[in-house]
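The structure under discussion appears below in the form of structure tokens.
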Amino acid sequence: GIIVAFVERGLKRIIPGILKEVVVPLLTLIISVFTVIFLTQPFGGLLIKQIYESLNILFEQMEVLGGLVLSIVFLPLSLLGLQGGLLSINSILNDPEGPTKGLNYILPVLMMASGGQIGGAIAIFIKTKNKKIKKIIRGTLPVSVIGVSEPLIYTVTLPLIRPFITACIGSGAGGTLAAFFNLSTVKSSILGFFGFLTVAKGTHFFFIAAMMGAYLGGFILTYFFGINEKRINEVYGN
């Protein structure tokens, strides 16, 4: 985005007004694309490699702590659009010829993030008296279980702020268990409960146990520390 803006502003200064409408967009696109391919993309590749090596060290030397941290920060990173960097790392880990021979030990940890939000939403549903938010939770909870947690996050936990935070922290219980059990997936998967279908052979039960930990962590922290009935009524009405 910065490159495109810089190129466009520069071209507008040097190209006559009558040609700006046609020439500037075309040249901006051409120059920006080649700049990204030959300059920023190689740099991005080096950056992703460094992130991967850092995560690898984190998991090798501090397995449980690595799972705790990554599961807690994944959704906040997603809100900022920074989760895209992890996609390249997942590609490295999913590669059968890669350093882990296709065993992705990060993805099971990331799956736990949605589990915390589900647990937090269930806590809100049980504790609140607000009928409107109960109705919203009933509609968004089923799709969250299968890994599409955005509707639940953007319509329930995030608008209330505190439940989003407690649910993120609570998901750390699942991330910790995922790292402790050395869970890994053998192929890409959605970030939900049914991710257990893609984990390495013989670890399905451990994945379910870790996800239950994320549900429970999000539920407990949100139930006791994340719910403000006054805030709920302010956001959703009485």
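The values are calculated or read from the model by the stated rules, or taken from the named source; none is laboratory data. The shown structure was predicted, so the numbers you read here are calculated from the model rather than taken from an experiment. Cβ: placed from backbone, ideal geometry, glycine included. Neighbour counts: every protein chain shown. For the accessible areas, the whole protein counts, side chains as well, though only heavy atoms, and no ligand, DNA or RNA atoms are used. Shrake-Rupley method; radii C 1.70, N 1.55, O 1.52, S 1.80 Å.
Points to keep in mind about this one:
- Entry comment: accessible area of the stretch 61-213 is 45 Å² per residue, from protein heavy atoms only and a probe of 1.4 Å.
- Computing mean projected area of the Cα convex hull in nm² directly from the structure and comparing it against (i) 16.6; (ii) 15.4; (iii) 14.1 singles out (i).
- A helix-only calculation puts the chain at -23500 deg cm²/dmol for mean residue ellipticity at 222 nm, using -39500 (n - 2.57) for each DSSP H run of at least four residues, averaged over all residues.
- Modelled FRET efficiency - R0 22 Å, Ile126 with Arg231, Cβ distances, 0.05 increments: 0.85
- Accessible-area composition of the stretch 86-238, carbon plus sulfur, in percent [1.4 Å probe]: 69
- Separation of the Phe224 and Thr40 label points, Cα + 7 Å toward Cβ, nm: 4.6
- Average Cα contact separation per residue, the stretch 149-238, under 8 Å, 6 or more apart, as relative contact order %: 40
- Extension gain, Ile208 to Phe194, is 4.1 nm, computed as 0.36 nm per intervening residue step minus the present C-alpha separation.
- Burial order of peptide ranges 214-226, 16-28, 170-182, 121-133 (average beta-carbon count within 10 Å, highest first): 170-182, 214-226, 121-133, 16-28
- Cβ crowding within 10 Å averaged over residues, with 228-235, 67-74 ranked highest first: 67-74, 228-235
- The stretch 92-113 and the stretch 4-54 have their alpha-carbon centroids 32 Å apart.
- Between the helical axis of 131-145 and the longest alpha-carbon principal axis of the chain there is an angle of about 70 degrees.
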